[in-house]
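To start, the structure under review is shown below, and the notes come after it.
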Amino acid sequence: MKHAAFLKQITDFVFVENEPEKADIIFIPGSGFPQLAEEAAQLYKKGFAPYILPSGRYSITQGHFGGVQEKEALYPGKYHTEWEFLSRVLIENGVPKEAVLKEEKATYTYENAIYSRKVTDKARLEIRQAILCCKPYHARRSLLYYQLLYPDTRFLVCPVKESSIRKDNWYQTEQGTKVVLGEMERIGIQFHEIIGEIRKEEPIDK
């Protein structure tokens with residue numbers, strides 16, 4: 001492909017993916033897509049982590065839970081929060097209730113990381129290594145936020161395999177291009193203030 005090298009740079013930045021390893025916890029950023037919890041459940045049942053922490057109230061832009069985005073027939077019912085929905089999916093897929101931690105305040109990705117940290121700190125969990133389950137195109141932004149809140153933790157990103165927008169096809173459709181470049185735009189916009197705060201906390205010696 002003529003522009004393969006150009007596209008690869010964007011692909012490699014946005015679509016982070018690692019092989020799973022033993023971890024202390026599996027994190028799930030808030031979502032109405034059941035695939036995130038399904039993937040986390042499979043990793044749990046394979047023994048990769050003893051806890052799963054789904055996070056999320058609902059999207060700040062909607063002001064309410066937007067509903068089940070896919071596979072509604074498999075997970076029927078009325079859900080008030082993303083956590084309520086994701087925890088239901090986990091339990092339906094064989095994860096015991098005692099392994100599912102609760103975070104039900106977050107309304108966007110940064111808050112997913114912020115409030116998840118509060119939950120693990122309150123539970124006195126030492127998170128040395130963690131798995132992050134998310135949509136493939138949401139991988140980099142999710143990782144950046146969670147790494148910001150867990151600076152001493154090694155993260156392994158294990159995105160869902162079942163997604164219409166993937167690293168091998170995102171540029172082939174207008175929708176895929178819009179979503180992936182939108183992630184890059186959000187990273188540029190959302191991290192200005194954060195990096196400013198980092199400069200204040202960690203000034204460069206002259």
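Values as computed for the structure displayed
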quantity	calculated
Pick from the range 1-20, criterion touching a Lys or Arg at 6+ places or on another chain (Cβ under 9 Å) and assigned to a loop (DSSP other than H, G, I, E, B), ranking: nearest to residue 131 (Cα to Cα)	20
Residue check for residue 43: touching a residue at least 60 places away in the same chain (Cβ under 8 Å) and either of a type outside the set (Val, Ile, Thr) or buried (at least 20 other Cβ atoms within 10 Å of the Cβ) (or both)	yes
Any hit, the range 123-131, residues being farther than 21 Å from residue 40 by Cβ, modelled with pLDDT of 95 or more and out of contact with any Asp or Glu (no Cβ under 9 Å at 6 or more places or on another chain)	yes
Selected residue (criterion: surrounded by the fewest Cβ atoms within 10 Å (Cβ to Cβ)) from residues of the range 114-133 that are of a type in the set (A, V, I, L, M) and free of Cβ contacts under 8 Å to residues at least 60 places away in the same chain	123
Any chance residue 161 is at pLDDT below 95, under 19 Å from residue 39 (Cβ atoms) and crowded, with 21+ Cβ neighbours inside 10 Å	no
Search result, residues across the range 31-64 that are at pLDDT 95 or above, outside any helix (DSSP H, G or I) and of a type in the set (Lys, Arg)	46
Candidate set from the range 134-151 (those that are of a type in the set (A, V, I, L, M) and over 11 Å from the mean Cα position of the chain (by Cα)); member that is surrounded by the fewest Cβ atoms within 10 Å (Cβ to Cβ)	148
One residue from 124, 128, 141, 199 being in contact with a helix residue (DSSP H, G or I) (Cβ under 7 Å, 6 or more places away or on another chain) and of a type in the set (D, E, K, R)	141
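One line per residue, one yes/no per condition, for (1) aromatic (Phe, Trp, Tyr); (2) buried (at least 22 other Cβ atoms within 10 Å of the Cβ); (3) closer than 29 Å to residue 187 by Cα; (4) in contact with a His (Cβ under 6 Å, 6 or more places away or on another chain):
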| position | (1), (2), (3), (4) |
| --- | --- |
| 31 | no, yes, yes, no |
| 51 | yes, no, yes, no |
| 62 | no, no, yes, no |
| 69 | no, no, yes, no |
| 75 | yes, no, no, no |
| 94 | no, no, no, no |
| 103 | no, yes, yes, no |
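The values are calculated or read from the model by the stated rules, or taken from the named source; none is laboratory data. Everything quoted here is computed from the prediction, not taken from an experiment. Glycine gets a Cβ as well: all are built from the backbone with ideal geometry, and neighbour counts include every protein chain shown.
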